[in-house]
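J.: Just passing along the structure, written as structure tokens.
Readers should treat all values here as calculations from the given coordinates under stated rules, not as data from a laboratory. For clarity, every value in this text was computed on a predicted model and none was experimentally measured. Ideal geometry is used to build each Cβ from the backbone, glycine not excepted, and the neighbour counts take in all protein chains shown.
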């Protein structure tokens, strides 16, 4: 497929891997920040291609995963109401709260709908004036502009029966929290390509300088990830710590100014709780006061919902790159996508769920290596 | 009746195909340690109709205990029974697709071809069919006529006769236009023994053509997603393709070289390969770069975050064949309109029994597991 197959070419992949082997002299720990990158790594088996000294650890950038359990419970409390049409991105539907998931609520009669664009809610709200349409606005900076546009248009166009349950998080404060931790192992980052397509990468420069850590803004295709890894290792081997842009076909340093302006008109930065990590100051968005009539947390009585997580779960350490899914005794046994015990198992982009989806809970050691028994690739 | 399936998936509204529950390993300790099956859901959820692990749970824990018998317990796509020396294939299937007319077909054609294909996958020639209709009050008579005429045409193409039927009408809102259940009987005339449990190490895995067309045609129509180049369902009867494949092997073999045939409907090629791997206790190894996926389907899947390996097909088959016969079978497939894009995508291996492994396009490796429930579009 044009513009995609070029970034999945096995021959080019082997060349980049050879170059990584050539430049790498010491062991390095590199974190891919985004859930989409984690997914791509596991789906394509990229970590199996890398030399043993290069360890990829999986970051906190799965928006579904880091949405706190209490926020899920709030969503479910709202979705259960007979006067509500609850709209969500597809992959939130299977995320379990304290009691069941949105699929369960749907099977019990709740009106739960998957939308592909937040703006679909405008149509739904106009078609159902007697109902309250609530959109579950989650995500990183990537989904913020589209979600902000829904709030903005609802206000501008006077569509009163729309509200947003907002649980937005930001990448840079999470990276700082990881780097500031005494347990930190991460020596370089594959930065979040889609987030930076919106925000640019200027705000990563002070982080890179302060912690002396290379950050390479990286895309999501296999060759993007390999190239980003190579660029990070080149910096590490030459003791540089800079922000570089591997994803230059998509983004530049400034990002999308129009989207940033819209986001800042609708949202303001505030403290946010991250599932698996806890409270990070100034790490998320909330709706500005002007949008209070479209703020579901204010409209529905859900403020008192507070939920605790199972203690066995190590997702906090996984999200900070300290541990990997297979380090957890519950992985694939007590904890699986049907019964997730914590953040990283709840969405396809969480590290544990990605490992599970691509069969790594089934793998014995002898399968855990790449084999090319079908002969050389074309 | 050999195959049990969960009905309707009214939201994903896919053709509810066979769910091979018995073949699906549930690695969860929640089930294994308990002498009585625990059905964890208070209510049926849509995922119970997905063909994945939830469907398996439903079949294992609710249906099988009630009906258990040696023929059903095989959980093949069809039952094969012997009566007075004649070997008959017997199968049933329900169809609940929205929209009922879609690019490349309609629910009527789907209902006939789906049952014809389940018969064909045992090597049977379809003979007699039945159809039961659940009609929703308010359905346009013209639409029903169109569906039924399409069924008539599909039945004639299959060389079968629809010999009995039933009709019920439910109140508006209690159904979704039309639900159709078809049942079929066919006769197995050749000395073949085709079953998902017969894959041997060394066998070649053949795929009859492009994957994911049907599922993505339905999804793009349903969600009003407009892609460049319309995607059409691949809905087609496969009995003649199967006959051509069987004929290509001749009679000189002591054991017929076609070991397994399956049509990868709901759950897609990945689910089908898992079923065969599990039943045959063999490993499967396929290569991503050999998989035939149309550009339009690839693009639609990329946009929605779906994997074409798990998307439904309605006119494709997976064949597991002895390596020495693979070329002549492939040749015969290429000469048939429904097999002209057939390719060998991998082979059966003795390593990792019960698991399907794929070498990825960039040279990595991954396991293709059975999905839990439905594939969900990803957030970003």
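J.: Angle check, please: helix A:171-180 long axis (alpha carbons) against the longest principal axis of chain A (alpha carbons), in degrees 0 to 90, nearest 10.
T.: The two axes meet at around 50 degrees.
J.: Where does chain A land on Rg/Rh, using Cα atoms and the Kirkwood Rh?
T.: In chain A, Rg relative to Rh is 0.98.
J.: Let me have the 222 nm mean residue ellipticity of chain B computed from DSSP H runs of 4+ only, each contributing -39500 (n - 2.57), with the sum over all residues rounded to the nearest 500.
T.: One gets -7500 deg cm²/dmol as the mean residue ellipticity at 222 nm.
J.: Kindly put A:152, A:274 in sequence by how many other C-beta atoms sit within 10 Å of each C-beta, fewest to most.
T.: Ordered by Cβ neighbours within 10 Å, fewest first: A:152, A:274.
J.: Would you work out the Kirkwood radius for segment A:97-217? I mean one over the mean of 1/r across all pairs of different Cα atoms, in Å.
T.: After inverting the pairwise mean of 1/r, the radius is 17.1 Å.
J.: Please arrange A:345, A:231, B:333 by counting, for each residue, the other beta carbons lying within 10 Å of its beta carbon, fewest first.
T.: A:231, B:333, A:345
J.: Quick check: the angle from helix A:10-23's long axis to the longest principal axis of chain A, C-alpha only, nearest 10 degrees?
T.: So the inclination is approximately 60 degrees.
J.: Relative to the longest principal axis of the C-alpha atoms of chain A, give the angle of the C-alpha long axis of helix A:257-266, reported between 0 and 90° and rounded to the nearest 10°.
T.: Rounded to the nearest ten degrees, it is 40.
J.: Would chain B count as rounded, prolate or oblate if I go by the C-alpha gyration tensor, calling it rounded below 1.5 in a/c and otherwise prolate when a/b exceeds b/c, oblate otherwise?
T.: Verdict is rounded for chain B.
J.: Give the separation of the Cα centroids, segment A:265-283 to segment B:296-337, in Å.
T.: Taking the Cα centre of segment B:296-337 as reference, the centre of segment A:265-283 is 47 Å away.
J.: P(r) for segment B:204-368: what percent of alpha-carbon pairs falls in each 10 Å bin, starting at zero?
T.: Spelled out per bin, shortest first, that is 11, 39, 35, 13, 2, 0.
J.: Semi-axes, largest first, in whole Å: what does sqrt of 5 times each Cα gyration tensor eigenvalue give for segment B:107-199?
T.: 30, 14, 10
J.: Also: Report the rotationally averaged projected area of segment A:296-358 based on its alpha-carbon convex hull, in square nanometres.
T.: 5.4 nm²
J.: Would you mind listing how long segment B:21-187 runs along its three principal axes, going by Cα atoms, in whole Å with the largest first?
T.: Computed over the Cα atoms, the extents are 54, 47, 27 Å.
J.: Among DSSP beta bridges whose residues both lie in chain A, state the antiparallel percentage, nearest 5.
T.: 25 percent
J.: Would you order B:360, A:258, B:55 from fewest to most other beta-carbon atoms within 10 Å of each residue's own beta-carbon?
T.: Ranked by crowding around the Cβ, least crowded first: A:258, B:360, B:55.
J.: Using helices alone, I'd like the mean residue ellipticity at 222 nm for chain A: each DSSP H run of four-plus residues gives -39500 (n - 2.57), total over residue count, nearest 500.
T.: The helix-only estimate for chain A comes to -10000 deg cm²/dmol at 222 nm.
J.: Measure out, as a whole number of angstrom, how far apart the alpha-carbon centroids of segment A:79-108 and segment A:131-190 sit.
T.: Using only Cα atoms to place each centre, the spacing works out to 19 Å.
J.: Right, here's the next one. How are the Cα pair distances of segment B:287-348 distributed, in percent, across 5 Å bins from 0?
T.: Pairs per bin, as whole percents: 4, 15, 23, 24, 17, 10, 5, 2, 0.
J.: May I ask you to derive the relative contact order of chain B, considering only C-alpha pairs under 8 Å and at least 6 residues apart, and to give it as an integer percent?
T.: Answer for chain B is 20 percent.
J.: Moving on to the next point. Can you tell me what share of the DSSP beta bridges in segment B:81-211 is antiparallel? A percent to the nearest 5 is fine.
T.: Of all bridge pairs located within segment B:81-211, approximately 70 percent are antiparallel.
J.: Rg to Rh ratio, segment B:138-294, alpha-carbon atoms and Kirkwood radius?
T.: 1.01
J.: If eta is 1.306 mPa s and T is 10 °C, what Stokes-Einstein diffusion coefficient results for segment A:209-330, Kirkwood Rh from Cα pairs, in µm²/s?
T.: In µm²/s, the coefficient rounds to 86.
J.: Can you compute the equivalent ellipsoid semi-axes for segment A:161-264, i.e. the square root of 5 times each eigenvalue of the Cα gyration tensor, sorted largest first and rounded to whole Å?
T.: Taking √(5λ) for each eigenvalue gives 25, 17, 12 Å, largest first.
J.: Still on this structure, please answer the following. Only bridges with both residues in the protein assembly as shown count here: give the DSSP antiparallel percent, nearest 5.
T.: Approximately 55 percent, going by the DSSP bridge assignments.
J.: Sticking with this structure for a sec: Direction-averaged shadow area of the convex hull around the Cα atoms of the protein assembly as shown, nm²?
T.: If I average the Cα hull's projected area over directions, I get 32.1 nm².
J.: Label-point separation (nm) for residue A:98 and residue A:14, each offset 7 Å from Cα along Cα-to-Cβ?
T.: 5.6 nm
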